[in-house]
Structure formats: structure tokens, C-alpha cells
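What follows is a set of notes on a single structure, which appears directly below.
Values in this text are rule-based calculations from the coordinates and carry no lab data. What you see is a predicted model; the values in this text were computed from it and never measured. Because the Cβ atoms are built from the backbone with ideal geometry, glycine has one as well, and the counts that use them run over all protein chains shown.
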Amino acid sequence: MAVERTFSIVKPDAVAKNVIGEIYTRFERAGLRIVASKMIHLSREKAEGFYAEHKERPFFGALVDFMTSGPVMVQVLEGENAIKANREIMGATNPQEALRGTIRADYAVSVDENAAHGSDSPESAEREINYFFSADEICPRTR
Ligand code: RTP
Ligand code: MG
């Protein structure tokens, strides 16, 4: 498996809980490198575009409300099998179903406010990275 990139968000609930650093530490402990990172407060338009695949779902309005409720950290993670590795570290979408020791089990309380996002495929990783970062904002490993 070649080195791969994935896109990640520390969602507003986790930023509000002051656990950005703890979540970043989990990425690093799993062998993922942070090669781009910034804090932003999403506009509704930006959040709606990001979650466009869920536009027709009943939870879409609540999801956009939540994602715009406070700042988020957005980052690009790089490493072996990064997409799957990040999904494993995050745990299931519903924190009630997430394995112990995962980000969502430890920091999230509900499916609506579930602490983190991670790309679910190479195609979405590419789209999501380009949605938030320009090429000159990504700093691959040099040493
Ligand atoms: P994400 O995209 O945020 O990483 O989460 P995911 O892949 O695990 O889940 P996805 O199906 O893509 O859903 C995106 C976000 O929508 C909210 N959601 N709410 N109330 C519900 O039944 C429901 N289902 C999904 C969650 O916040 C989920 O992270
Ligand atoms: Mg998803």
C-alpha cells in the first residue's frame, strides 16, 4: 500500500471541548502525519457544498447548523492506508456504536455531534482536500 492522503475535520463540538491537541496526538500515534492544517469557521454555503451528497437527507439542515455553530480544524493526513486508518481511529458515525478508545467513543455524545470527519474513499479524499486547501498549503514530508 502506497502512502495516501485523507481529509479530516475536528468538528465544532470537539473544538469547543478543547481537545484539538488530543485528537492530533491520536493521528500522530497512528503513524499519520499532518501535512496541512487550519482553523476556520464554515459559512453555510461552504458547509452545504461539503455535505452536498447528503442534501436530500432529513438530517441535512441540522448537520449544516452544527457544522457552522463554531470553528473547526481542517487537516490533510498522510500515511500508509491513511483513509482507512483515519476511519478506524475515528470509530463509527454513531458514538454509541464506536469501539472503545476511538475518537468518537471518547469525545462525542451523539450521531449529530460526533467530533470528527474523515474521507470515506480515495475519490472523496481528493475532492475534500481540494475543497479546503490549495496546493501551496500542503507541505509533504521532506525529511
Ligand atoms: P462524516 O462524513 O462526518 O465523516 O461522517 P460519516 O462518514 O461517518 O457519516 P455520513 O453518513 O457521511 O454522515 C455525515 C454526518 O451526518 C450526520 N448524520 N446524522 N441523524 C442521523 O441519522 C445522521 N446520520 C448522519 C453525522 O454527523 C455524520 O457524521
Ligand atoms: Mg461521510
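Quick notes on this one:
- Per-pair calculated FRET efficiency, R0 = 30 Å: THR142 and SER121 via Cβ, rounded to 0.05: 0.60
- Helix-only mean residue ellipticity at 222 nm for the chain, each DSSP H run of n ≥ 4 adding -39500 (n - 2.57), per residue, nearest 500: -10000 deg cm²/dmol
- Net charge dipole, the chain: roughly 380 debye, given to the nearest 20, about the Cα centre with Cβ charges of +1 for Lys and Arg and -1 for Asp and Glu.
- Fewest neighbouring Cβ atoms within 10 Å first, the residues THR142, THR6, THR25 line up as THR142, THR25, THR6.
- In nm, spacing of pseudo-spin labels at ASP106 and THR25 (7 Å Cα→C-beta vector): 0.7
- Nearest-0.05 FRET efficiency for LEU99 and TYR131, computed from C-beta distance (R0 25 Å): 0.30
- By average C-beta atoms within 10 angstrom, highest first, the peptides 106-119, 124-137: 106-119, 124-137
- In the chain, taking the dipole from charged Cβ atoms about the Cα centre, the farthest positive-side position among SER37, SER121, PRO12 is held by SER37.
- Simple spin-label estimate for ASN81 and ALA62 in nanometres, 7 Å along Cα-Cβ: 3.4
- R0 of 35 Å, Cβ-Cβ distance ALA2-ILE40: FRET efficiency to nearest 0.05: 0.75
- Spatial extent of the chain: Rg and Dmax, with the Cα atoms as the point set, Å: 14.2, 47
- Karplus 3J(HN,Hα) series, Hz, for region 9-17 with 6.51 cos²θ - 1.76 cosθ + 1.60 (x for Gly, Pro): 10, 8, 6, x, 5, 6, 4, 5, 6
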